[in-house]
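The values are calculated or read from the model by the stated rules, or taken from the named source; none is laboratory data. Note that this is a predicted model, so its numbers are computed, not measured. Cβ placement follows ideal geometry from the backbone for every residue including glycine, while neighbour counts extend to all protein chains displayed. Heavy atoms of the whole protein, side chains included, go into the accessibility calculation; ligands, DNA and RNA do not. Shrake-Rupley method; radii C 1.70, N 1.55, O 1.52, S 1.80 Å.
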Amino acid sequence: MRNKQENYGIRVEIAKNGDDLRYMLTEEGIPIQDACLWLDFVSMNSYLTGERYAYALLRFFRYLKANNLHYGEITSKKVVEEYIKDLLGLNEVVINYESRMTFTALNTYITVLKGFYHWLEDEKKVTVNPVMFSSKRSKQAPLVNTKLLYGQIWQFDLEESILSRVLYRKKHNHLKWYTEQEINNILSELPILRDKVIFSISVETGMRIGEILGLKLDHWHNSLL
């Protein structure tokens, strides 16, 4: 399949209505309906999720356009395999080993692809889900459908090891818990009330920054979140 670094008229656009942000995928300025509906669905709790997912989905749609494919007509997981290879640069004639993708980034692209197609399947917008595959668990077991899991990405038949193209972040072997003194010290260094409130909510609830920034007044009930 072809690998071209062009935008093909497909872009992420932002619609704003008051404090609400909506991320849309458009082609030549016209919203791609299914993509926009799914982005609305995944953005309900956090517009930052919508932003991250929109740009991940954008890359997939541009890949499809480059190869004259339509998302609703894909029936083979081979297309998904080729897309993953494209993400990792394995389709390039000259591979740039200095621009390897992190596992976290690859994980996001796969999550977006799975979520989009599972939503299309649930909404009966596709008859075949390309991120499903069939396998035999044993000689006696019948043919079963199983979700395309992250680990199975590494089982694709590739001439070059995918693992050599992925960067892994160093894992922490402990959790960091702030003491009351540390919390007070951090709060005293924050310059404005907004920052103090955001930090306090994160400490008290464990919410992520995207979830906190997505909060609205109607999320509060009798002083409870």
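Residues of the stretch 44-68 being outside any helix (DSSP H, G or I) and crowded, with 16+ Cβ neighbours inside 10 Å, which ones? First the steps, then the outcome.
If we filter the stretch 44-68 for residues that are outside any helix (DSSP H, G or I), which is where we start, we get 44-46, 67-68.
Correct list: S46 only.
For the stretch 180-195, indicate whether the set of residues that are part of a helix (DSSP H, G or I), under 30 Å from V42 (Cβ atoms) and modelled with pLDDT of 85 or more is non-empty. Within the stretch 180-195, one or more residues are part of a helix (DSSP H, G or I), under 30 Å from V42 (Cβ atoms) and modelled with pLDDT of 85 or more. When H174 is tested against (1) open to solvent by 50 Å² or more (accessible area, probe 1.4 Å); (2) touching a helix residue (DSSP H, G or I) at 6+ places or on another chain (Cβ under 6 Å); (3) modelled with pLDDT of 55 or more, exactly one condition is not met: (2). Just so you know, in the stretch 28-43 the residues that are open to solvent by 60 Å² or more (accessible area, probe 1.4 Å) and in contact with a helix residue (DSSP H, G or I) (Cβ under 9 Å, 6 or more places away or on another chain) include one that is modelled with the highest pLDDT, and it is L37. Taking (1) at pLDDT 80 or above; (2) in a helix (DSSP H, G or I); (3) open to solvent by less than 50 Å² (accessible area, probe 1.4 Å) in turn, Q152 satisfies each apart from (1). Put simply, of S135, S164, S99 the only residue that is modelled with pLDDT under 85, assigned to a strand (DSSP E or B) and hydroxyl-bearing (S, T, Y) is S135. Taking Y109 as the residue in question, decide whether it is at pLDDT below 50 and under 14 Å from E81 (Cβ atoms). It is false that Y109 is at pLDDT below 50 and under 14 Å from E81 (Cβ atoms).
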